[in-house]
Structures are given as structure tokens and as C-alpha cells.
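**Student:** Attaching a single structure in C-alpha cells format; questions to follow.
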Amino acid sequence: MNGAESLIRTLVAAGVDTCFANPGTSEIHLVQAIDAVPEMRAILALFEGICTGAADGYGRMKETPATTLLHLGPGLANGIANLHNARRASSPLINLVGNHPDYHLQYDAPLTSDIATLGKNFSGWYKENSTAETIAQDGADAITAALTAKPDCQGQVSTLVLPADACWGESPGPRSPNPPPARKEVSGQAVDDVARILDETSVLLLDGPAMLEEGLRIANRIAAATRCQVWCAGAPSRVEGGPGRGPVGRLPYFPEHVQEKFKGVRKLILAGSLAPVSFFAYQNTPSYLVPDDCDVFTLAKPEENIVGALEALADTLKASENAGFKNEYAKPELPMGQLNLDKIGAIVAGLMPENTIFSLDSGGGRAVFAPAQQAAPHSWLNLTGGAIGQGGPVAVGAAVAAPDRRVIALCGDGGAMYTNQALWTQAREGLDVTTIIFSNRSYGIIETEFWRLGVNEIGSKAHSMLDLSNPNLDWVSLAKGMGVPGGAATTSEELIDHLRRSFSQDGPYLIEALY
Ligand SMILES: Cc1ncc(C[n+]2csc(CCOP(=O)(O)OP(=O)(O)O)c2C)c(N)n1
């Protein structure tokens, strides 16, 4: 058996059975090995940012890694923006990147580049000197690393750069999986310290696994027992929402709104989160957003057992099992007439199927968050690292990971153009993804930021850098050209019709919502 096949068999034996691929010549033996191992699913994407974003979405939903398959430095470079988002999401993910053998690198052939400088940027674990002897064990170690929470990288992207001769050389065969890594437990002292100080002036700030169903339920029991508030960080990788999962206040985007929200808060308790900082620097606002008169306590660090710490805290407080919040559905009324952001939010929340997975990008999709909270059970995947073009690719991976659930990608027209090839993979794989394009034909948020930064006139050249018209993007035609049906909506009635049509049929659908 060659090295490539020993690697693929090792991955599959450990449950890593999905590969989002865009290969080239240096990966041919890996392609051949994937072909030879029936349990490994291969999904082609036509741009590497789709492969990396899809692997991120898959990891967030499945909590086990998928792999990418990328072509040397340039292929990896094309995928980096979404690997940055994946690192910020702490997603388990394994990059397989082909490379020239050592003896070929010295000649500086055209595709030679410094892959380490690219790969170490976002990888918690990086290896580039595999041989046919070590490649299978390297694969097992890449999985362990991908599943390990670490304080220094806060992410679990493993990158295995594979010299072609490690793939084609004779190997000793596959390796057994390593034992699964466990999160570090929080000390009883930390739990007791927090239990002593929690009161109505406290905020429990959640992130990471605390945003899943169990963590939210326990946090709301603690809130009911102590009258503290429960907030989540600005962009947790995945938030479980819906009736019965408990209310959670979300930190706003703009720093002055965060400062406003902190009024009256004297104690901030971090549960898997970091103290909030401003997304960008502004001349008249601080970067660090915790007010001077608010003390910060750490219940659990991001790499620790956060849900276990919440459970121990609830036990210490003797918090009742019943957190007291309502377990009822509250579907918004469907509005009529010309679309605006609030109406789109209400319509999507009003019609969303149970257990929808939302994949958020730039654009107006945030308007869906609040109305969806009590409308139906769902998962919400945030834009974690601010690198736009995540929505479509993450939707691909989420749909592959959870084929029995509808995925709704909420994308700005600007952000969606970075990675519109996601539509082609959705069509080819028959994925149940409904894409809503929030079409304002501009880079709207940047225009807003322009005014905030004190620039009170946008000249014609500046305007042309923010304007997406002339020519207008025809999203319905773009989607059709990649095999995805859909339509445009300027009114609530049209949006309602398109959503109903999409939810009544299998496969992808795209709606351009002009507002
Ligand atoms: C990879 C990357 N490139 C550029 C940006 C800067 N950027 C932030 S938002 C934005 C425009 C978003 O436009 P759109 O998706 O149409 O949403 P809108 O702001 O109009 O609601 C850009 C270019 C970014 N965040 N990430």
C-alpha cells in the first residue's frame, strides 16, 4: 500500500470520511487513494475558499473534522480567508496540501512557494516533512490536534503538507486512531469564587460550546437563581436557538452600543469567552470595551471544560432545574408590501422549517437572528473572523454534515460574490441550501463606517469603490448558470412565495431579496 492510501484509510478508520477537494498534479496519488477507499466521500469545489469554508461548516455541525485537498501554496492561499474564519470558530478541520518532493524543491519549479509561511498563520498544528513511513501516523496526529482545544491558537486547524513521494512511496499501512483528547477541567476554586459574587449586576458571557443546547440551558438556570444576565460574545461559531433553549443577549457590533449595554454591569464572568474588544479601532472609542467599574472573573477559559464548569456552578448555587423561561413558539406575523430588513427577518423566521441551520455572512442576515430565536429550533453559524465570503461555503459543509436539515445561507450581495462557486457544489451534490442574497447593490456597511469615521463627504471615486451597480449583478441568472433555480423578490409576498417553493422541494434554491 502506498503512503496516500495508508493516510486515507487511517482517516476513515477515525471517522474522518469527507474531503472537500480542489486537486492538481501533486495530489494525484491522494486522489487515487480517495478513489480506492469507498468510505471516503469526495466533494469537488471550484475554488479553494469553498473547500475551506465547507470544511469549517462541516466541523461546526459535526464536531469531527472533514479534510480539504488543496494544490500546493497557491491552492492553500486561495483558501486562507475562510481558514482564518475557521480558526476563529475553533473548528476541527484538516488541510491536506500537496507539495513537491524535497529533491524537486531545490530547482524552484513554477509552483514552488513558502507554504509554511501561509500554513502557520491559521494552523494550530502544522507538519510538512511526512515520509511514506510516517504519513499514516501524521494523519492520526492531525486528527488529534484538530480535536484539541489550545490556549495559544484558540483554533484547531491542522495542516498536513504532503510531499508527493510520501504519497507514492511504499508505506507500512494505516494506523489506529489516537485516544480522543479531553478538555481540561475547571478548578473547584474558580467555580466557588464565581458562585460567591454572582448577582443582578453580573453578566455571564458565553462562547464556544457554552452556546450549544446544554450550555444555554444551564446558563439560564444560573440566571434564574442569581438574577444575572446571560450574554453571548459577538460571533460564537454556533448558537443553538429556539424555544426552550433560553434567551441570550448578543453583544452588538458597534463599540458605543456595547458600552451602552454595559451600563449598570459591575461584574463580567467569562465562560469560554474573552473580554469584549471593538471589532475595529476608532479614534474616539476604546478598543477594550469592559468599563473601568466592571470587574472581570474567569469561570472557564476557552480551552477548558466550559459546560462542565457551568454545571458545577449551577450545582453549587443549587439552581432549580426549571429556569423559568417560556418554552413556547412565537412565530412572527408575516408582513406585506415592499421589503425592508425587518420584514425579511420576520418572513424568514416565520417560515423557517424546524431545525434549520443558518449560515451568516456579511449583509443584512443579522436581522433574522432575533425573530428566529423563539420561532423554531435552529442552529446559527456566525461569521466568526470577519472575512466575508463565508456564508455559501459554510452552508455547503453544514448541509453535507446534516443532510436531513434545511440550511439557509444569509449573504450580502457583496460577500456572496467572493465565493459564488458554492452554488455549483450545492447543485452538484443536491444540497438542501436556500440562499438569500440581501441585495442592496452596495458595500453598505463600509459606507456606514465612512460616516462613523468622521468623513462627511463621499466623493465619486470613493463612491465607485462601494457601489455594486453599473452593471447590476443578476443573481438569478448567476445561480441558474450554476444549476441552482430561484427568483428575485422586491415585495414580502414575492419573498414568501419563493421561500415556500424552496422549502417544499429538495435541493438548492436562491432568492435575490432587493431591499
Ligand atoms: C475578505 C474580506 N475582504 C473585504 C472585507 C471588507 N468588507 C467588509 S464588509 C464588506 C462589504 C459587504 O457588502 P455586502 O455583503 O453587500 O453587505 P452590506 O454591507 O451591503 O450589507 C467588505 C468589502 C472583508 N471583511 N473581508
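**Student:** Please find, among S113, S26, S90, the residue that is of a type in the set (G, A, S) and closer than 29 Å to D207 by Cα.
**Tutor:** Going through S113, S26, S90 in turn, just one is of a type in the set (G, A, S) and closer than 29 Å to D207 by Cα: S90.
**Student:** Answer with yes or no whether I197 is farther than 24 Å from A372 by Cβ, at pLDDT 95 or above and open to solvent by less than 20 Å² (accessible area, probe 1.4 Å).
**Tutor:** So I197 does not fit the description; no.
**Student:** Please work out if R175 is surrounded by 14 or more Cβ atoms within 10 Å (Cβ to Cβ) and at pLDDT below 95.
**Tutor:** Here the answer is no, as R175 does not meet what is asked.
**Student:** Being open to solvent by 20 Å² or more (accessible area, probe 1.4 Å) and small (G, A, S) narrows it down to one residue among G272, G215, G264; which is it?
**Tutor:** One residue alone meets the criteria, G264.
**Student:** Could you tell me which residue of the range 470-486 is nearest to the ligand (Cβ to nearest atom), considering only residues that are open to solvent by 40 Å² or more (accessible area, probe 1.4 Å) and among the small types (G, A, S)?
**Tutor:** Only one residue tops the list, namely S477.
**Student:** For the range 393-419, how many residues are open to solvent by 30 Å² or more (accessible area, probe 1.4 Å) and within 12 Å of the ligand (Cβ to nearest atom)?
**Tutor:** The total comes to 2.
**Student:** Right, something else. Would you confirm whether any residue within the range 153-163 is at negative phi and open to solvent by 30 Å² or more (accessible area, probe 1.4 Å)?
**Tutor:** No: the range 153-163 contains no residue that is at negative phi and open to solvent by 30 Å² or more (accessible area, probe 1.4 Å).
**Student:** Ok, one more. What residue, among those in the range 35-61 that are open to solvent by 10 Å² or more (accessible area, probe 1.4 Å) and part of a strand (DSSP E or B), is farthest from K120 (Cα to Cα)?
**Tutor:** Out of the qualifying residues, it is R41.
**Student:** Hey, can you tell me all the residues within the range 62-79 that are of a type outside the set (A, V, I, L, M), in contact (Cβ under 8 Å) with a residue 60 or more places away in the chain and open to solvent by less than 50 Å² (accessible area, probe 1.4 Å)?
**Tutor:** T64, P65
**Student:** Taking the range 431-457 as the region of interest, how many residues are away from the ligand (no atom under 14 Å from the Cβ), part of a loop (DSSP other than H, G, I, E, B) and buried (at least 16 other Cβ atoms within 10 Å of the Cβ)?
**Tutor:** Number of matching residues: 2.
**Student:** List every residue pair whose Cβ atoms lie under 6 Å apart, where the two residues are 6 or more positions apart in sequence or sit on different chains, the first residue falls within the range 1-23 and is in contact (Cβ under 8 Å) with a residue 60 or more places away in the chain and part of a helix (DSSP H, G or I), and the second residue, located anywhere, is among the basic types (K, R) and open to solvent by 10 Å² or more (accessible area, probe 1.4 Å).
**Tutor:** Here the result reads T10/R175, each pair linking the range 1-23 to a residue that is among the basic types (K, R) and open to solvent by 10 Å² or more (accessible area, probe 1.4 Å).
**Student:** Could you please find all residues in the range 346-392 being away from the ligand (no atom under 12 Å from the Cβ), touching a His at 6+ places or on another chain (Cβ under 7 Å) and of a type outside the set (V, I, T)?
**Tutor:** M352, N355, F358, A372
The values are calculated or read from the model by the stated rules, or taken from the named source; none is laboratory data. The structure displayed is predicted, hence computed values, not measured ones. Using ideal geometry, Cβ is built from the backbone for each residue, glycine included, and neighbour counts are taken over all protein chains shown. Areas reflect the complete protein model, heavy atoms only, side chains present, ligands, DNA and RNA absent. Shrake-Rupley method; radii C 1.70, N 1.55, O 1.52, S 1.80 Å.
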